[in-house]
């Protein structure tokens, strides 16, 4: 139902990412919908060599295909001891049939024998906002530093969250409450940085009491 609020298509079918993005945007008066079931949506091959390139590619391609505003992001885990891997291959780290369990298992295997001091890592996220013509009108980035645990802990989040320890909290993303992750995560930081551009271009309808101007 059209409630008069602007709509932004979130360029993802990942349920975890969609929830995080929608929860941050809903209070701003912006309706969000995902690519799932979106007429005209296409499969975008992530051929970029960086998170920024992939985010822009996904936003631009989907916006042209759908004919609407699209906010896309590309994010992943960067592990120092692995030379920056899995990086842009985070979602498919363990191969074409990769899932969270197989990716986490391979990560632990690759880091076997590394001391805690050698398990530093960070999550990175780049976001891009495209208009209906596919032009990128704004970009942003966010990171969250941490280290990789020796075993998964916590059932929250998704991806590598059960292995990603945030030193300040002595907990993994999988153990932290969603409200905490919504403040400190790489994705939340990238989205907060691009919110001014979203508000500028989509101009949400602000609710409030009717005008009493008696001119």
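Coordinate-derived values only; no laboratory data. All figures in this text were calculated on a predicted structure; none of them were measured in a lab. Note: ideal-geometry Cβ built from the backbone for every residue, glycine included; neighbour counts use all protein chains shown.
Starting with the highest mean, order 121-128, 17-24 by the number of other Cβ atoms within 10 Å, averaged over the residues of each peptide. Before the final figure, lay out each step's value.
Values: 121-128: 24.4, 17-24: 18.0.
Answer by packing, highest mean first, reads 121-128, 17-24.
Taking other C-beta atoms within 10 angstrom as a stand-in for reagent exposure, 148, 198 fall in the order 198, 148, fewest first. Considering helices alone, the calculated mean residue ellipticity of the chain at 222 nm is -9000 deg cm²/dmol, with DSSP H runs of length four and up weighted by -39500 (n - 2.57) and normalised per residue. Counting neighbouring beta carbons within 10 Å and listing from fewest to most, the residues 161, 118, 131 come out as 118, 131, 161. In this structure, residue 99 and residue 170 have a Cβ-Cβ separation that, at R0 = 25 Å, corresponds to a calculated FRET efficiency of about 0.35. Approximating the spin labels as points 7 Å out from Cα along Cα→Cβ, the residue 135-to-residue 192 distance works out to 3.0 nm.
If neighbour count is taken as other Cβ atoms inside 10 Å, put 13, 61, 49 in order from fewest to most. Write down the numbers at each step before the final one.
Numbers: 13 13, 61 20, 49 9.
Lowest count first: 49, 13, 61.
Net length available on complete extension from residue 200 to residue 183 is 3.9 nm, with 0.36 nm assigned per residue and the Cα-Cα distance removed. Within the listed set 146, 11, 84, the residue fluctuating most in the Gaussian network model of the chain (springs between alpha-carbon atoms under 10 angstrom) is 84.
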